[in-house]
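Below is one structure, written out as structure tokens; comments come after it.
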């Protein structure tokens, strides 16, 4: 509702000139883009640490992994302390570091994007075109992480899959029609493992 209520970004609602309004939009777009990247890096680092540390996994992150097969609003299921660390602290740091804290409307757009992507990544539906799956996170990519065989891979959390590929935690997978119809399956492929030996697990 915050995004809908706002009639623009920056000076658009205060009668500023079109040139200034255009500049405000460009500034907001740049701030949002920088904030998305900073927050995504933070989320990757936290997510990987939460799996590497037995203490953090046992007492915090394991709550979220009770969802073996994720569903849309399961994106928000987790320990409240982890929500403070991963969501509140991470987003706040990214917002301040990018200089976006002075723009409530741009912040509202960014936080809305985060919520939409979190739900999308857990919804069990392959909504992304194949061309975007090599860069952009989605339900299939994150679904691999929720499988028993994929829990040590695919830590990239919200937007990009770049961090897993850069830091060696990417697990390749395929998305195929379920035998006999009735949906799709994720087929994770371990490094140096054959496609035929990979387990087939439902997405939805």
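The values are calculated or read from the model by the stated rules, or taken from the named source; none is laboratory data. If you're wondering where the values come from, they're calculated on a predicted model, not measured in any experiment. In this analysis, Cβ positions are derived from the backbone assuming ideal geometry, glycine residues included, and neighbour counts consider all displayed protein chains.
Below are the figures for this structure:
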{"item": "Selection within segment 144-165 - part of a helix (DSSP H, G or I) and touching a helix residue (DSSP H, G or I) at 6+ places or on another chain (Cβ under 9 Å)", "result": "145, 146, 162, 163, 164"}
{"item": "Cβ pairs under 7 Å, 6+ apart, first in segment 85-102 and within 13 Å of residue 35 (Cα to Cα), second at pLDDT below 95", "result": "95/101"}
{"item": "Yes/no for residue 137 being in contact with a strand residue (DSSP E or B) (Cβ under 8 Å, 6 or more places away or on another chain), surrounded by 14 or more Cβ atoms within 10 Å (Cβ to Cβ) and either modelled with pLDDT of 90 or more or more than 30 Å from residue 28 (Cβ to Cβ) (or both)", "result": "yes"}
{"item": "In segment 27-70, the residues that are assigned to a loop (DSSP other than H, G, I, E, B) and loosely packed, with under 14 Cβ neighbours inside 10 Å", "result": "53, 68"}
{"item": "Filtered residues of segment 101-120 (kept if buried (at least 19 other Cβ atoms within 10 Å of the Cβ) and not in a loop (DSSP other than H, G, I, E, B))", "result": "105, 106, 107, 109, 110, 114, 117, 118, 120"}
{"item": "Single unsatisfied condition, residue 175 versus (1) in a loop (DSSP other than H, G, I, E, B); (2) over 18 Å from residue 31 (Cα atoms)", "result": "(1)"}
{"item": "Top-ranked residue in segment 71-86 [being more than 16 Å from the chain's Cα centre (by Cα) and either at pLDDT below 95 or assigned to a helix (DSSP H, G or I) (or both); ranked as farthest from residue 120 (Cα to Cα)]", "result": "81"}
{"item": "Residue match in segment 83-100 (condition: under 30 Å from residue 185 (Cβ atoms) and buried (at least 19 other Cβ atoms within 10 Å of the Cβ))", "result": "yes"}
{"item": "Boolean, residue 155 is under 15 Å from the mean Cα position of the chain (by Cα), within 25 Å of residue 78 (Cβ to Cβ) and surrounded by 20 or more Cβ atoms within 10 Å (Cβ to Cβ)", "result": "yes"}
{"item": "Of all residues in segment 121-133 being part of a helix (DSSP H, G or I) and in contact (Cβ under 8 Å) with a residue 40 or more places away in the chain, the one that is surrounded by the fewest Cβ atoms within 10 Å (Cβ to Cβ)", "result": "122"}
